[in-house]
Each structure stands twice: as C-alpha cells, then as structure tokens.
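Here is the structure we will look at.
What follows draws every value from the coordinates through simple rules; no lab data is involved. Small disclaimer: the values here were computed from a predicted structure and weren't measured. Positions of Cβ are backbone-derived with ideal geometry, glycine not excepted, and every protein chain shown enters the neighbour counts.
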Amino acid sequence: MADSGSSTVTTVVAIDGPAGSGKSSVSRAAARALGFDYQDSGAAYRALAWNALEHGVDVNDADAVVGSLASFDYSIGIDPDGYFVRVGETDVTDAIRDPRVTGVVSQIARVPAVRAHLVEVFRGVIAASTGPGIITEGRDITTVVSPDADVRILLTASDEARMARRSLEIPTQSAGVVGRQLSSRDAEDSKVVDFMNAADGVDTIDSTNLDFDQTVSAVVELVTRSRVG
C-alpha cells in the first residue's frame, strides 16, 4: 500500500517499456521535476519474489506463489526523494535487485492471480497519492493498470542500447550474462503482456539516441503539454 493518505490525483501518468529502456530512472526523475509521486510497479513483483525465496516457497509452483500473497505485507515509498520498498518491517530496497531475485521474478510475474492481485495494489497506490500527480511505470500500466491515465507512454530503446545500459547498472556481471538475462526476461514477460508495442492512444518515446536528461525532458514535455491542453 502507499505510504500516504487518500485524495484525488490530478494527473495520472502511465509508463511502460522493456527492461533496460530506462523507464524506472527516467520516471523517477520526471516525477521529481514535475513535483509528482512515483510508483515502481516492478518493485512489487521483485519484493514478492524476494519474500518467496526467503520463506522457501517454490517459485515454480504457481499455487504456492499465490498462497504466499496472503502474508505478503508490502509497502513502497512514492516520494521520488524518499523511495523505499519494505516487506513487513524489512527494508528490501537493495535486496530485491539481487541477481537471485532477478533470476526468478519473471516466474512470479507470469502467474495470472499474482498479476491480478498486484494490479489492485498498484491502483490503490495511485488512488492514495496526495501529490498533484503520480507516475507509475512497469510493463502493463498503460493497458491494464491504468488504461485511462491522462498520459500514457511507451518508453523504448534498441536492444543494443538497453543491454549497454543494464550492463552499467550491474557492473559485477559480464555484458554477455546481462544480455542473456535481459533477453530471457523479455521473452518470458512477453508471454503475459505486450510491452514492446504501443497500444492505441499511447505515445512512444524512443530513447536509443537520447541521453538521460533528454529522455526525462521528453517525458516532462508530454505531461506538461497534456496538463496545459
């Protein structure tokens, strides 16, 4: 659940994209620039994967994974300058980025009942935002979680650019290993949701030839234009 009270959100921004497209860092920076809240939906799947591993849940057993939802006490900080992820009282902000979690998160994310449960969690976070707006990013935010968002964006980049960026994020692993993990995750996740093609009414930002600041500016511009319009 969100770490805030309830109010009507002025502007809802949904951003989707494949791994390595920069959607998390770009979304967070854009939220900061706009004075918006920020929700990383992927953190919930990672946190659930972490929780399953910590409690010896067989991540290949869909029923066991679904059963673990009953005791999954998840919270996330939606202030872009106060971001955190917790499971119960445990801060797992860094732990959910561990390779052992990354290696199983797709198995968690492709379970339909898990996705249905977390979609409601994400919608609850959006509804509970007290800021002038909130940016939520993930894989199916523009199509499933918030198809009626004021601004819907598909943030993408070439395979080469995505692999290079992800390699910089995980310096402890070789480019080859990172590339294989990225391709594997894309292949697994694409069985559940199409995050490579923009749905009707979704704006595409291709960041292949844009640096970080340019990509953030492109997102901010789209949001600002929608609010003025």
Report summary line: Most exposed first, judged by fewest Cβ atoms within 10 angstrom, 117, 55 run 55, 117
Query - Cβ-based net charge around residue 87, under 13 Å, with every Lys or Arg adding one and every Asp or Glu removing one - result: -3
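Fewest to most neighbouring Cβ within 10 Å: what's the order for 76, 134?
In order of increasing Cβ crowding within 10 Å: 76, 134.
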Query raised in the report: For 73, 79, 211, 16, what ranking results if the residue with the fewest other Cβ atoms within 10 Å of its Cβ goes first?
Result: 211, 73, 79, 16
Requested in this report: Find how much the distance from residue 212 to residue 32 grows on full extension, using 0.36 nm per residue of separation minus their present alpha carbon separation; answer in nm with one decimal.
Outcome: 63.4 nm
Query raised in the report: If you average 1/r over all unlike Cα pairs in segment 53-121 and invert the result, what Kirkwood radius do you get in angstrom?
Result: 13.0 Å
